[in-house]
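Contents: one structure, followed by commentary.
The values are calculated or read from the model by the stated rules, or taken from the named source; none is laboratory data. This is a predicted model, so every value here is computed, not measured. Here the Cβ positions follow ideal geometry from the backbone for every residue, glycine too, while neighbour counts run over all protein chains shown. When the accessible area is computed, the model is the full protein with side chains, heavy atoms only, and any ligands, DNA or RNA have been set aside. Shrake-Rupley method; radii C 1.70, N 1.55, O 1.52, S 1.80 Å.
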Amino acid sequence: MAEAERFFGSRDQSKKIYQPSWDVDGPHVRYTPSKDGAFAELGFNAKTDWKMVVYQLAHETVHLLDQHGGKQTHLLEEGAAVRFSLDMMKKYGFDTAGLPEIDTYKTALKLFDSLGSDSYLIAKELRATCDNFISIDAIAIKARCPDLSENIILEMLSRPVMR
């Protein structure tokens with residue numbers, strides 16, 4: 001979490017973060033019934049593979065920063081989560097070849113990276129301006145990244161099913 005906050009800004013302190021768990025349909029974030037907190041549920045493939053633990057937990061950690069109660073995230077947030085997970089894997093010495101595997105995550109990563117060489121800083125500033133990832137809008141992105149095309153911005157803010 002400390003690394004995610006360094007890259008993207010402080011997490012929502014009003015929400016609790018519980019210990020990770022396992023779920024056959026993971027990885028994803030699971031919210032408490034009252035939505036006062038959440039935790040990462042990792043896929044069963046991470047039970048025996050440290051590489052997948054780092055990949056999945058780093059990704060879900062980005063989603064735990066804001067905890068928007070299960071609302072569908074946009075591709076910008078998903079791309080931030082994928083980029084962060086890949087960078088954490090590299091930091092801990094894991095090979096990232098072939099990741100991500102799913103096309104929507106590849107698209108999300110490409111869109112996040114289209115923010116430029118300062119993509120983390122831009123995402124951090126956008127989160128700070130808009131209070132959280134899910135509230136980032138086209139106006140904020142265009143103000144921070146005037147050279148991005150309207151089509152790219154709209155795609156960043158789209159909310160496809162990610163699996």
Once amide H atoms are placed 1.01 Å from N in the peptide plane, what residues at a sequence separation of 5 or more from Trp22, or on another chain, have their amide H within under 5 Å of its amide H?
Leu42
Please give the calculated 222 nm ellipticity per residue for the chain, where each DSSP H segment of at least 4 residues contributes -39500 (n - 2.57) and the sum is spread over every residue; nearest 500 deg cm²/dmol?
-14000 deg cm²/dmol
Gly37's amide H: which non-local residues (gap 5+, or another chain) put their own amide H closer than 5 Å, with H modeled 1.01 Å from N in plane and none for Pro or chain starts?
Lys16, Thr32
Plugging the Cβ-Cβ distance of Ser34 and Asp147 into 1/(1 + (r/R0)^6) at R0 = 35 Å yields, to the nearest 0.05, a FRET efficiency of 0.25
Surrounding net charge for Arg159, when Lys and Arg each add one and Asp and Glu each subtract one, Cβ distance under 14 Å
-2
Note, ³J(HN,Hα) from phi for the range 90-95, Karplus 6.51, -1.76, 1.60, rounded to Hz, x at Gly and Pro:
4, 4, 9, x, 9, 6
In whole Hz and in residue order, list the ³J(HN,Hα) couplings for the range 81-87 that follow from phi through the Karplus curve 6.51 cos²θ - 1.76 cosθ + 1.60, θ = phi - 60°; x for Gly and Pro.
5, 5, 4, 4, 5, 5, 5
Angle in degrees between helix 119-130 and the longest Cα principal axis of the chain, rounded to the nearest 10
80
Quick check: the angle from helix 103-113's long axis to the longest principal axis of the chain, C-alpha only, nearest 10 degrees?
50
Simple spin-label estimate for Lys90 and Ser14 in nanometres, 7 Å along Cα-Cβ:
3.6
Any chance you could give the angle, 0 to 90 degrees and rounded to 10, that helix 50-64 forms with the longest Cα principal axis of the chain?
50
Return the sequence-ordered ³J(HN,Hα) values of the range 146-151 in whole Hz as given by the Karplus equation 6.51 cos²θ - 1.76 cosθ + 1.60 applied to θ = phi - 60°, using x for Gly and Pro.
x, 7, 6, 6, 4, 5
Of Val82, Ile102, Ser119, farthest towards positive along the dipole that unit charges on Lys, Arg, Asp, Glu beta carbons give the range 81-124:
Ser119
If you bin the C-alpha pair distances of the range 117-163 every 5 Å from 0, what whole percents do you get?
5, 21, 31, 26, 14, 4, 0
Based on the inverse mean of 1/r over its pairs of different Cα atoms, what is the Kirkwood hydrodynamic radius of the chain, in Å?
15.9
Taking a label point 7 Å from the Cα of Ala140 along the Cα→Cβ vector, which residues of the range 21-49 have an amide N closer than 15 Å to it?
none
About the Cα centre of the chain, what is the dipole size in debye to 20, counting +1 per Lys and Arg Cβ and -1 per Asp and Glu Cβ, all else neutral?
240
Could you tally the net charge around Thr32, taking each other residue with its Cβ under 12 Å from the Cβ of Thr32, Lys/Arg +1 and Asp/Glu -1?
+3
How many nm is it between the label spots at Asp23 and Glu5, if each spot is 7 Å from the Cα in line with the beta carbon?
2.5
Given a 1.4 Å probe and the protein chains all in place, what does the accessible area of Asp12 round to, in Å² to the nearest 10?
50
Would you rank Lys15, Lys90 by solvent-accessible area, highest first, keeping every protein chain in place and using a 1.4 Å probe?
Lys90, Lys15
